[in-house]
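These notes concern the structure reproduced below.
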Amino acid sequence: MSKEAVDPIDTEATSATEHERSVDPDESGPHPLYEAAPRHRERSKEDVEARLTRAQELANAIQVGLRSVIFGQDETLEHVTTCLLAGGHVLLEGAPGLGKTQIVRTLSTLLSGRFARVQFTPDLMPSDVLGTSLVVSLPNGSKDLQYREGPVFTNLLLADEINRATPKTQSALLEAMGERTVSVDGVSRPLPRPFFVLATENPIEMEGVFPLPEAQLDRFLMKLVLKMPDLATLTAIAARAEEPDLPCAVTTPHDLEATQAIAREIPSAPHVLSFAARLVLATHQIEGARYGAGPRAVQALMSCARARALMVGRACTSIADIKAVAVPVLRHRVALGFEAEAMGVSVEQALAGLLQVVPDAEPKNASGS
Amino acid sequence: MEPVHAAKRPELTSAKRPGVTVVTVVEQARRRLRAQRRASFRVRHGARLFLAAATITALRPLVWPLATHQPLSLGPVRSLILLVIGLVTTGLVFVAATRRLPSALATARRLDIALGLDDIIASALSFATQRDNRSSGFRELTIQRATNTLRGLPLETILPRPTSPHPRRTIASSVLLMLVAVLVGSFDPAWVSLLQRPPTPEEQALVAALVRVAEEANEAPNDPETIDEEERAREDAYSSGGSGSETEDALEIARRRANHAADLMARGNREGALRELSAVRSGDREASRRERELDSALRDLARALQRAEHGTSERGSRAGARQGGEQGGEAGRAPRRARRGKTRPASDVRESLRLLTKRLREPARGSDTETAEAEQRRTLERLQRAAQAAGERAARPGATEAERAAAQSLNRAAEALSRGERDAAADAMAEAAQRAAELERQRRAMSRAAEQMARLLERAGLLERAVRLAMLNRESQSERDAGREGDGRSGTAGASSERASSTAASGARSSALASLAARLAGFEQAESVGTASQLAEPHVPDRRNGRGSTASATRSSRDRVDVHEGTRAVQAIEGLGVDGEPTQAYRDVFPTYDAVIEDALENDHVPPARRDVVRRYFESIRPGAERSP
């Protein structure tokens with residue numbers, strides 16, 4: 001993997017040393033399971049079970065690798081892994097120093113993919129993120145415009161303090177997140193796969209920021225809130241060296257993409273789909289809500305539920321999966337009004353109450369046959 | 001999701017079809033869950049349902065009370081009926097609440113929860129029963145995993161039936177609860193009085209006698225032998241106007257009250273029985289009063305016509321002697337009969353009116369104009385007097401329609417005659433004769449009813465006396481029990497040792513009881529020998545024949561009191577008097593005299609000229625006479 005260095009963006013890439021420690025995709029090659037199992041071919045039950053087992057092991061390896069570096073944020077790490085397997089992007093909110101960058105760096109190491117970090121500032125331009133065409137001298141002496149890729153062309157992108165950039169720059173990135181392509185000078189360029197963006201927000205310094213509009217927030221699969229670790233976690237962190245050793249790579253981008261494909265294959269029973277739909281509809285019934293979640297929220301819920309089912313080695317989704325991912329998936333898709341805020345009700349509290357209210361089964365089914 | 005029924009889905013019964021085990025096990029689990037729900041319902045709500053049924057049963061005195069005429073033994077029967085209704089209702093509630101099977105999806109989810117699975121069985125069931133043929137390895141894998149989980153799964157273990165911790169204790173408690181509920185539901189306040197103050201044998205015998213007489217009273221008016229054939233034919237001839245329904249109603253009410261009193265006695269409610277007996281007496285008094293009024297009306301009318309006819313007959317006899325006619329002789333026949341008191345006043349009225357009508361239609365032959373005019377003037381005067389007397393009667397409150405009609409007819413006759421319209425006057429007089437016959441029929445009906453009511457009253461008086469004695473005896477017993485005995489005065493000649501040791505007052509009451517018992521024994525003995533009518537004869541005056549009977553009266557009492565029925569009353573007063581003071585109210589004793597008074601007034605012992613004075617005297621001493629009209 002080549003090192004990325006895009007000025008003036010503070011961009012990092014995995015070092016050669018880390019590459020050496022990681023699994024070389026060229027050496028290991030794609031996993032035989034994925035090679036032997038074309039996507040749309042009928043597979044035997046044993047074959048499917050083996051694929052599922054392998055995917056579960058991969059998910060577990062990622063989580064174990066993350067937990068070996070990040071302490072006290074198990075739930076966040078689980079959700080990050082879920083988003084990674086679901087092929088979505090994560091918006092991380094937390095105070096500085098809680099390990100946001102470390103999560104992305106560790107993840108890039110585990111995946112042995114390309115990693116880039118962009119520190120969003122108010123003067124950051126879209127071209128600084130997407131790339132631009134530069135005049136270059138050709139060997140024959142003539143000059144031509146040559147496109148130079150921005151830091152967005154990576155597998156894992158850390159968009160640090162994304163709310164400090166102007167909306168123009170934010171929208172440029174968010175468009176790339178949604179389309180997974182970059183269009184510059186009329187030419188559409190696909191982003192490498194997998195493409196995983198982990199954006200961060202600092203909730204403390206809110207002066208001079210440009211909050212992300214709700215439509216843009218919808219592009220993130222989950223919004224995770226990092227909490228201050230407890231005493232035991234802090235003690236463990238204190239006992240550790242300042243720079244922990246990064247774990248070895250456990251997979252390759254190719255295998256990760258294949259795993260994401262497996263996650264998309266996991267079926268859902270009608271009652272699970274119904275619960276997700278009812279849950280999303282119920283967000284519009286929250287007292288004091290300005291608006292509720294949209295149809296994309298149902299897709300997000302089901303994607304996350306499938307990824308979560310894969311992580312536990314289950315061949316189908318369940319209502320428990322929906323409930324487990326409901327709050328991070330719906331948190332940024334529901335906005336409460338002034339009345340609710342005045343009453344001290346947070347979105348998380350409202351969603352937790354909603355999960356208690358919405359029945360698992362539809363009322364007509366619950367009444368009997 | 002649609003409910004799954006393996007029997008209705010042939011494709012699911014195929015062994016090659018995936019998910020057969022899942023569907024089958026889920027179906028079994030549904031039935032198991034229903035049984036579990038029933039058991040759970042029974043354990044959780046069974047006590048409440050039983051309590052509800054027991055409450056309904058225990059509330060029987062409120063929701064289904066016994067009427068005063070219904071026997072107390074009906075209380076437990078009704079309680080049992082309510083218990084059965086309550087249990088059936090609770091059973092229906094139980095069946096309705098647990099009838100339906102849970103849905104297949106809910107059952108599958110319940111299995112998931114019981115097995116600690118996350119929607120695997122529910123999802124497998126959905127995949128197995130979905131109608132789309134999309135095949136997915138993960139679907140089949142899910143079904144396979146669910147099948148592997150459910151194969152050989154002991155449903156009894158994972159879906160256990162809830163059981164009562166103490167089944168025997170629960171059953172025993174339920175049975176005890178039901179018994180208590182039935183006992184409480186059987187309770188009636190009458191039980192208390194019945195247990196505290198059960199009816200004495202004398203009271204029971206008198207109650208039986210009262211009921212028997214009441215039944216006889218019910219049948220007597222329909223007895224063809226009780227009504228004279230001649231009278232019946234005469235009544236049929238004057239069939240216009242009202243019948244004796246008022247009389248029959250009064251008798252029926254008295255009979256019902258007597259039966260009600262008997263029912264109350266059977267329930268130990270002496271106070272209520274006394275009230276009913278008092279009401280019987282009031283009814284009898286009212287019937288007697290009504291009969292007297294009718295009789296008085298007829299007598300007044302007859303007297304008015306009689307005085308006129310008497311003078312007329314004398315003059316008519318003289319005129320007849322002179323003229324050799326027979327009209328005066330016929331006119332004088334009725335007054336003579338009336339003087340003898342052998343005929344009824346209505347017959348006199350009818351006879352007088354008939355003669356006057358005949359005289360108006362066929363004037364005496366050979367009489368000159370002056371004599372005829374004088375005769376017509378005298379007839380007019382008689383009619384005017386009779387119309388005035390009838391009008392005064394009709395103007396009184398409570399007068400019957402027949403009285404008013406008779407007065408109107410007489411008025412019309414007088415007016416017609418004053419105008420010289422002899423035929424019209426004759427027609428009106430004929431009509432007045434019909435009204436008089438109607439009045440007579442009403443009087444006779446009232447007399448028969450009063451006769452029956454007098455028999456009822458006879459038994460009612462005996463029963464009332466026995467009840468009062470029993471109540472007094474109980475009070476004195478209570479006093480003795482409370483240590484408030486008298487000063488040790490020796491008792492009268494009592495029969496038992498207990499009575500001998502009681503006070504003089506209680507001795508007097510005991511002797512009264514003994515007297516009553518002897519009296520009752522006399523009744524019973526007589527009834528066992530003779531017919532019912534003969535038995536009633538000694539105690540009830542025969543108003544038709546105007547004779548009183550003393551068959552059951554003792555010689556000593558006859559010597560002591562010359563009034564036949566008064567003997568019993570004197571005995572009662574003597575028996576009830578304690579320490580020289582009568583405990584029986586005059587109001588209660590007087591009705592016994594009432595029939596005797598009427599008997600005496602019907603007899604020839606009282607001179608006709610003094611009868612009104614004697615009647616007014618007894619009217620004046622009648623209890624409540626100042627209130628009666």
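The values are calculated or read from the model by the stated rules, or taken from the named source; none is laboratory data. Values in this document were obtained by computation on a predicted structure and should not be read as measured data. As a convention, Cβ positions derive from the backbone with ideal geometry for all residues, glycine included, and neighbour counts pool all protein chains shown. Side chains included, ligands, DNA and RNA excluded: accessible areas come from the protein's heavy atoms. Shrake-Rupley method; radii C 1.70, N 1.55, O 1.52, S 1.80 Å.
Worth a mention:
- When each of A:LYS100/A:LYS168; A:LYS168/A:LYS223; A:LYS168/A:LYS323 is checked by Cα-Cα distance, pairs over 28 Å: A:LYS168/A:LYS323
- For the set A:MET222, A:MET228, solvent exposure ranked by accessible area (probe 1.4 Å, protein chains only) runs largest to smallest as A:MET228, A:MET222.
- Annotation for region B:28-97 versus region A:63-91: alpha-carbon center distance of 61 Å.
- With all protein chains modelled, accessible area of A:ILE62 [1.4 Å, Å²]: 0
- Region A:142-206 and region B:145-163: distance between their alpha carbon centers, rounded to Å: 54
- Stokes-Einstein D for region B:6-187, Kirkwood Rh over Cα pairs, 25 °C, 0.890 mPa s (µm²/s): 125
- Leaving ligands and nucleic acids aside, the A/B contact buries around 2300 square angstrom of accessible area in total at a 1.4 Å probe radius.
- For region B:348-398, applying the loop criterion from DSSP together with a ceiling of 10 other beta carbons within 10 Å to the trypsin sites (Lys or Arg not before Pro) yields B:ARG365.
- The listed residues A:VAL250, A:VAL347, A:VAL80, once ranked by accessible area (1.4 Å probe) with the largest placed first, stand as A:VAL250, A:VAL347, A:VAL80.
- In this structure, the amide hydrogen of A:GLY131, modeled 1.01 Å from its nitrogen in the peptide plane, lies closer than 5 angstrom to those of A:GLY150, counting only residues at least 5 positions away or on a different chain.
- 3J(HN,Hα) along region A:109-121: 5, 5, 8, 6, x, 7, 10, 9, 10, 10, 8, 7, 10 Hz, from the Karplus curve 6.51 cos²θ - 1.76 cosθ + 1.60 with θ = phi - 60°, whole Hz, x for Gly and Pro.
- Estimated translational D of chain A in µm²/s (Stokes, Kirkwood radius over Cα pairs; 4 °C; 1.567 mPa s): 59
- Taking amide H as placed 1.01 Å from N in the peptide plane, the amide H of A:TYR147 sits under 5 Å from that of A:LEU134, each at least 5 places away or on another chain.
- Taking label positions 7 Å along the Cα-Cβ direction at both B:LEU72 and A:GLU214, the computed distance is 8.0 nm, reported to one decimal.
- Label-point gap, in nm, between A:GLU75 and A:THR121 - each point 7 angstrom along Cα→Cβ: 3.6
- Most positive-pole-ward Cα, B:ALA39, B:THR68, B:SER79, against dipole of region B:23-80 from beta carbon charges: B:ALA39
- In Å², nearest 10: area of A:THR53 left accessible to a 1.4 Å probe: 60
- Comparing A:PRO229, A:PRO192, A:PRO126 in a Gaussian network model of chain A where C-alpha atoms under 10 Å apart are linked, the largest mean-square fluctuation is found at A:PRO229.
- For the residues B:ARG587, B:ARG151, B:ARG212, a 1.4 Å probe over the protein chains yields an accessible-area ranking, largest first, of B:ARG151, B:ARG587, B:ARG212.
- Where trypsin sites (Lys or Arg not before Pro) fall in DSSP loop in region A:215-277, at most 13 other Cβ within 10 Å: A:LYS227, A:ARG240
- Cβ neighbours within 10 Å from other chains - mean over A:309-319: 6
- Percent of Cα-Cα distances greater than 23 Å, calculated over region A:170-265: 53
- Close amide H partners of A:ARG290, meaning residues 5 or more places away or on another chain with modelled amide H under 5 Å apart, are A:ALA335, A:LEU336, A:GLY337.
- Counting all C-alpha pairs of region A:266-363, share separated by more than 19 Å (%): 38
- Whole-angstrom gap from region A:214-290 to region B:187-221, using each part's C-alpha centre: 92
- Region A:217-275: GluC sites (Glu not before Pro) in DSSP loop, at most 15 other beta carbons within 10 Å: A:GLU242
- When the alpha carbon gyration tensor of region A:305-352 is reduced to an equivalent ellipsoid, its three semi-axes come out at 30, 8, 6 angstrom, largest first.
- Counting Lys and Arg as +1 and Asp and Glu as -1 over every other residue whose Cβ lies under 13 Å from the Cβ of B:ILE121, the net charge comes to +2.
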